[in-house]
Amino acid sequence: MPHAVSPSSEGGSSSVREDETMSDAPAQEADVQNNAQPDAQDDAGSQGPGALPTTTNATSTRLEDMFDGDDDDTDEFSSSAQSKPQDSSQPAPRAAPKAQYSEPDTLRQFYQRLFPFRPLFQWLNHSPTPQPDFQNREFAFVLPNDAYIRYQSFATADLFRKQCLQMTPTRFEIGPQYSVNPRDRKTIRKASSFRPVMKELVFDIDMTDYDPIRTCCSKAAICHKCWQFIVMAIKVMDAALREDFGFQHILWVYSGRRGAHAWISDKRAREMDDAKRRAVANYLELLRGGDHGKKGLNLRRPLHPHIDRSLKLLNPYFQKEVLADQDPWESLQQAEKLLTLLPDKSLTAALQKKWDSTPTRTSNQRWADIDSVAEAGNLSTLDAKKLVEVKQDIRLEYTYPRLDAEVSKKLNHLLKSPFVVHPGTGRVCVPIDVRRLEEFDPFKVPTVTELLREIDEWDAKNRGLGERERAKVEDWQKTGLKPGYVAGLLKEEGRGKRERHEEAGAESMEF
Amino acid sequence: MLAASAAPRIDPKKRAVLDHRKQQFAKAQWVEQDYKHRMNFYTVPPTGDVTLEQFEEWGIARLKVLAELEACQFRNKSPAETEEYMRPVMEKHLRLSSNRSRSSELAMERKKDHYSHWTLRLAFSGTADLRQRFARLETQLFKLRMQQDDGVEKKAFIDSLPMSWETVGDEEKSRWLDELKAATSVSKTDEESWFKVDWEKVPELVERRQVLMKRGTAYVHVREQVNMVVSEFSRTLESGLELAARFLPRMDEDNRLSPILHHLSQSFVAPDAGYSEASSISDMASINAGSIDALSENFPLCMRNLHRELRKNSHLKHFGRLQYTLFLKGIGLSLQECIVFWRKSFKLIADGNKLWDLCFTIHALTLCTDKFKSEYLYNIRHSYGDVGGDANRRGKGYTPYSCQKLLTEALPSSGQNHGCPYRTYTPDNLSTLLQSVGVSDQKLLREVRDDVGKQRYHIACNKVFESAHKPELKKVQDQKLWPASELDTILHPNTYFKRSFLLKNLGKVQSGDIGVDGPTQQSTE
Ligand SMILES: [Zn+2]
C-alpha cells in the first residue's frame, strides 16, 4: 500500500500526526484528554499555534477524496501509523457533500444501536472481566472534523461505548496494550517504561497494490473481478498462517472498501516482538516494492514448501480469474509486458513475430503460445526446465498476495477496528468467514444508513408486538446482519476465553 | 619467594568484588568457576576476587579487542579480512587457548575473558546506545571465536548449552524429506540432518524462508546451529544488559569501581590509547628544533594543522600550544630543543604586538619583561614535568594527549586550533584542510565526510593515514616486516607519527640505519 512508504504523497506539509512509531518516544507531547468524559470539540480547538498537536484538521482535498472514490490512491482509512501530511494552517475544509453515513447523528445511532461493543471488548480482553489486555489498550479516534486523537483507553466496555456516543468518531483504530495505561503515560517518570507489550498480529491487503496487474479497475475502485485477488490472497495467507505458523484465532475483516485485514489473536502471536513480526511478514511477502517483474522474483529452486503450496492453490485462479477475466495481455502493447518477463531473446523474438501476424489473441492464447513456440525450437538461453520455472514466477507475480507488510512489522502500529464504518463508502467493516470466502460479496456488505433504515422499518412493522417482545430483539437482529454478523468475533472470543483458562492453568502449575 | 601460588594475596581494600547478591543478577554460585569450555555464554557473573588493577586492566584489554572489531566493521572489512585482522589482536589482548593446547595459562585466560566481559557489561549498561553497541560487538566476538574453535570442543560446548532443540528422528525425516530439503536448500553433498525448535527461536531463518515450518515448529538444518547459538548468545546478553541497567544505580555505592567503569565507558565513545615512551623516535633519529618542519610531514592532521598555524601566524593559543608541546615531547624532542623550537617560532615576531596578545592569553595579568621566559618557558617546562604541576605527575609531566582526550574535550572557540580537526572543522573546511596537505583522492574525501558525519573521527583519520602510506603498508604486509598487531587502528597522535615515520623510512630501518623494531602502541597499561 503506497501510503505505508510515502507518507508525504499529498500536501507536502509536515505531518502533524504524532509518533508514527511510538516505541522510541511513546510519551511525547500528545495532548489527549485524560478525563473520562472528554469533549471532542474542546480538544480539537485547544491546540495553540506552534504546539505539536495530536488532533488535526484535514485539508479539503482529503475530504473530497473520501467521497470521490476515484482519485484516492493512498487512503484506505485503515491504519494510521502512516500519517497523512496535513497543513493545519489551511482554511477550514470547503463544504464538501457530506454523506449521511458520516453525519454525527448517524454515527451516534450506529454506536448506540449496532456497534457490538461487548463482543469487541471480549475479543480484545480475552476474558469476561476487564484485564490490562483491554484497559491498557490504545484506541485512536478520528473525529467528524478529522481530528485524530491517540492514546485513548477505557476501563470497561461501557465507558468505551459512552465515549463513542459522545465523540461519534467516524472510525477508530486499535493499537497495542501498553505496559501502563496510555492515559497515564505522562505521569510516568521514565519514558522508557511506557512501552507496547502486546497486540494481535495484523495484515493488510489492499487492492491498490494490484494496480500493476489488474485491468478492470484502478485506485479506489473495485469490482467482482478484481475482488478475486483479495480472495486468492486470503486463501494463501490463511493456509500459511494456520499450517506453517500454527495460528488458530484468525479473524478476517472486510476493510470497508477494497481490501481485507487479518487479526491473529493467538497468545503466541500477540506476544511477538517487532523482530518476530518482521520475520512472519517477510516469510509471507514475495513481491516487494512497486517494481515487480523487472528483476524477476529470484526464487530459489526447488521452491520453498510455502511457495510451492501457494502456487498449487493459485494455479486455478491464474487460469480463470487472471487469464480469462483480467486478460492482462490482450492488446499487443499489454503483451509486451509478458515478453519482458521471458528472459530468452529467441523466444521473445519468435513470439513477437507470431503476435505481429495475428494481433488479436487472448491472454490464454498468448500464455499457450509460449510453450508451443518454445517447443518449436525457439529457445536460446533457457532450457525446458528453466522455462517452467519462469512460467511459475509469472503465475506467482499475477496471483500471489501483495501485502502492505509494514503494517504487520510493528507492535505499536494501529489498525482500523473491525465493525467500524468506512468513511468513504459507509460500509461496515464486517468479518469475512473464510470457510465461505467465495460467498462473500463486498457489494452486499450493508452500509450504516441501510442498517439504520432496516431497524426503523422493523420497528414500524412490529409495532403490534408488546414492549417485552420487542425488547427481546436486539437492534442488529432487525437488520440484514443477522447471519454471521458478529459470529466471527464471538467465535474468536470464545476461543480466547478457553485459551485464558488454559493459561491460568499452566501458570498455576508452575508454582 | 618460594611460594608459586597462582593467586597472590589480595589486599582486602583493593578487592573488586562483583557482589551480585547486591546487584541481584543471576543466582549466585559461590564457587570458583572451572571453565570446561573455551567459549563462555557469560550467564553466570564472576564470583572470585580480582584486584582493582586486574579489574581495570582486563576491561581495557577487552575494550581494545572490541574497538578493533568495530573498526573492521566501519571499514567494511569482509568476514575473512576481519578474521585475519583480528587474530593477532585477540592473541595479544585476550588470548583464549583450546583445551587441546593444554596451556598452563588456560584457567587464567578464561578467567580474564569471563571477568572482563562482566566488567564491560557493567560499564556499558548505562545507556541504550552503549548497550546495543556492546551487545553487537560482543556477539561478533563470540561468533569469531566460535568459528576458530576446535570442532570437537565446539560440539561439546554447544551440547552443554541449555538450548531447546530436538533432533528430527528418522521416521519424521523420511516422511518430510523432500520438503525438508527444499526448505533448507540442502544440496546432494550436505548432511541430511535437521532439528526442531519453536520458530520464535530462529526468526532470522524464518524471515529468509530457510526452514521448514509446521504448525509453529521450525525444522532447521544442522549447519545453522552455530548461528542459532550466536543469536541465542545475543538475546541472552541483551536481556542481561537490560537487567544490569536496572541495577546499575546500586553500583554507585561502590565508589572504587564507578570511576573505572566510567572511564571504560568513556573509552568506548572514543577508544583510548595511552602514550608510551616507545612512540618517541629519539633512539633512532636525532630530533632537534630544526628538524620539526621536515618531520611535520609525518604528523597527523591535528598536529600538522597546529604546526601550519604556528608557522602562518607565529602564534598558537594556550591549548594549542599545550597540545602541540606534549606531542613534540612525545616524539622525542628534548626539553632544551623544545624551548629552542618555541623561541624560534616566536622570535619571528618577537617584537610585534601579537606578543602582548599571546601573553594575555596565558596569564592575562602577568606583566613580563621577557615574555617568553616568564610565561612560555614556564608552560613548556610544566609540560615536561620540570616545574610545578600536580605532584603525582611530577617527574613525568603531562602525557601527550590521546585521540580520546582530543575527541572528548570541549570544542575550541574561534581563533583556537587545538583538538581534532576531524571533529572540530565543518566538513567543507575539513576537506579544504585535507586538500591543502595533499589529500586529493575524491573517493577518500567523500568517505571522510561520511565518517565524520557519523562521528567516526578516528576512522576517518586512519583512512587518511592508510591512503598516505599505501605502498609502504603494502610492502610491510606483503613481506611481513611487522607483526600484524603493530598495524592496528591508530588511537594516538604519537602512534600516528611514529608509524608514519617508520613507514616513510622503511629502507633505512631495514638497512639498520635507524631504529630497531616496529612502532608500539600500548593500550593504557
Ligand atoms: Zn475490478
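List the helices (runs of 4 or more DSSP H) that sit entirely inside the stretch A:394-487 and contain at least 2 residues that are open to solvent by 40 Å² or more (accessible area, probe 1.4 Å). Walk me through how you get there before you give the answer.
Numbers: elements: A:405-409, A:448-461, A:467-472.
Helices (runs of 4 or more DSSP H) meeting the threshold: A:448-461, A:467-472.
Those residues that are surrounded by fewer than 24 Cβ atoms within 10 Å (Cβ to Cβ) and over 16 Å from A:P431 (Cβ atoms), I need them from the stretch A:248-267; list them, please.
Across the stretch A:248-267, the qualifying residues are A:D266, A:K267.
Would you point out the residue of the stretch A:230-268, among those that are among the basic types (K, R) and within 14 Å of chain B (Cβ to nearest Cβ), that is farthest from the ligand (Cβ to nearest atom)?
The extreme case among them is A:K267.
Could you tell me which of the residues B:Q147, B:Q140 is touching a residue at least 60 places away in the same chain (Cβ under 8 Å), over 30 Å from B:D49 (Cα atoms) and open to solvent by 50 Å² or more (accessible area, probe 1.4 Å)?
B:Q147
Can you tell me which of A:R309, A:R277 is modelled with pLDDT of 95 or more, facing chain B (nearest Cβ under 10 Å) and surrounded by fewer than 19 Cβ atoms within 10 Å (Cβ to Cβ)? Break it down stepwise before answering.
Details: A:R277 fails: surrounded by fewer than 19 Cβ atoms within 10 Å (Cβ to Cβ).
Only one candidate passes the filter, namely A:R309.
In this structure, is A:D211 within 15 Å of the ligand (Cβ to nearest atom) and over 30 Å from A:Y178 (Cβ atoms)?
On the way: within 15 Å of the ligand (Cβ to nearest atom): yes; over 30 Å from A:Y178 (Cβ atoms): yes.
For A:D211, the condition - within 15 Å of the ligand (Cβ to nearest atom) and over 30 Å from A:Y178 (Cβ atoms) - is met.
Cβ-Cβ under 6 Å, sequence separation 6+ or interchain: first residue in the stretch B:174-186 and facing another protein chain (nearest Cβ under 9 Å), partner open to solvent by 60 Å² or more (accessible area, probe 1.4 Å) and of a type outside the set (G, A, S). Which pairs?
B:A182/A:P302
If we keep just the residues of the stretch A:187-205 that are part of a loop (DSSP other than H, G, I, E, B) and touching a residue at least 12 places away in the same chain (Cβ under 8 Å), which is farthest from the ligand (Cβ to nearest atom)? Explain how you work it out, then say what you get.
Step one: list which residues in the stretch A:187-205 are part of a loop (DSSP other than H, G, I, E, B), which gives A:188-190, A:194-195, A:199-200.
Applying the additional criterion that residues be touching a residue at least 12 places away in the same chain (Cβ under 8 Å) yields A:188, A:194-195, A:199-200.
On the way: A:I188: 49, A:F194: 44, A:R195: 42, A:K199: 32, A:E200: 29 Å.
Applying the filter and picking the extreme gives A:I188.
Quick check on this structure: which one of B:R456, B:R449 is in contact (Cβ under 8 Å) with a residue 24 or more places away in the chain and closer than 24 Å to B:R133 by Cα?
B:R456
Taking A:W227 and the conditions (1) away from chain B (no Cβ under 14 Å); (2) away from the ligand (no atom under 16 Å from the Cβ); (3) open to solvent by less than 30 Å² (accessible area, probe 1.4 Å); (4) at pLDDT 95 or above, which numbered condition does it fall short on, given that it satisfies the others?
Unmet for A:W227, out of (1) away from chain B (no Cβ under 14 Å); (2) away from the ligand (no atom under 16 Å from the Cβ); (3) open to solvent by less than 30 Å² (accessible area, probe 1.4 Å); (4) at pLDDT 95 or above: (2).
Got a sec? Which of A:R171, A:R195 is within 14 Å of another protein chain (Cβ to nearest Cβ) and under 25 Å from the mean Cα position of the chain (by Cα)?
Result: A:R195 is the single residue among A:R171, A:R195 that is within 14 Å of another protein chain (Cβ to nearest Cβ) and under 25 Å from the mean Cα position of the chain (by Cα).
Restricting the search to the stretch A:206-224, which residues are assigned to a helix (DSSP H, G or I) and of a type outside the set (V, I, T)?
A:M207, A:D209, A:Y210, A:H224, listed by residue number.
A quick yes/no check of all residues on (1) open to solvent by 10 Å² or more (accessible area, probe 1.4 Å); (2) modelled with pLDDT under 70; (3) under 26 Å from the mean Cα position of the chain (by Cα):
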residue	(1), (2), (3)
B:A218	no, no, no
B:S234	yes, no, yes
B:E238	yes, no, yes
B:L243	yes, no, yes
B:R250	yes, yes, no
B:I260	yes, yes, yes
B:A278	yes, yes, yes
B:A285	yes, no, no
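Does B:Y115 satisfy being farther than 21 Å from B:H492 by Cβ and of a type outside the set (D, E, K, R)?
yes
Would you mention how many residues in the stretch B:447-483 are of a type in the set (K, R), surrounded by fewer than 17 Cβ atoms within 10 Å (Cβ to Cβ) and touching a helix residue (DSSP H, G or I) at 6+ places or on another chain (Cβ under 8 Å)?
Here the count works out to 2.
Answer with yes or no whether A:I222 is crowded, with 21+ Cβ neighbours inside 10 Å and within 16 Å of the ligand (Cβ to nearest atom).
Values: crowded, with 21+ Cβ neighbours inside 10 Å: yes; within 16 Å of the ligand (Cβ to nearest atom): yes.
For A:I222, the condition - crowded, with 21+ Cβ neighbours inside 10 Å and within 16 Å of the ligand (Cβ to nearest atom) - is met.
The values are calculated or read from the model by the stated rules, or taken from the named source; none is laboratory data. Values in this document were obtained by computation on a predicted structure and should not be read as measured data. Methodologically, a virtual Cβ is constructed for each residue, glycine included, from the backbone with ideal geometry; neighbour enumeration extends over all protein chains shown. Each accessible area value is taken on the protein alone, full model and side chains, heavy atoms only, with ligands, DNA and RNA left out. Shrake-Rupley method; radii C 1.70, N 1.55, O 1.52, S 1.80 Å.
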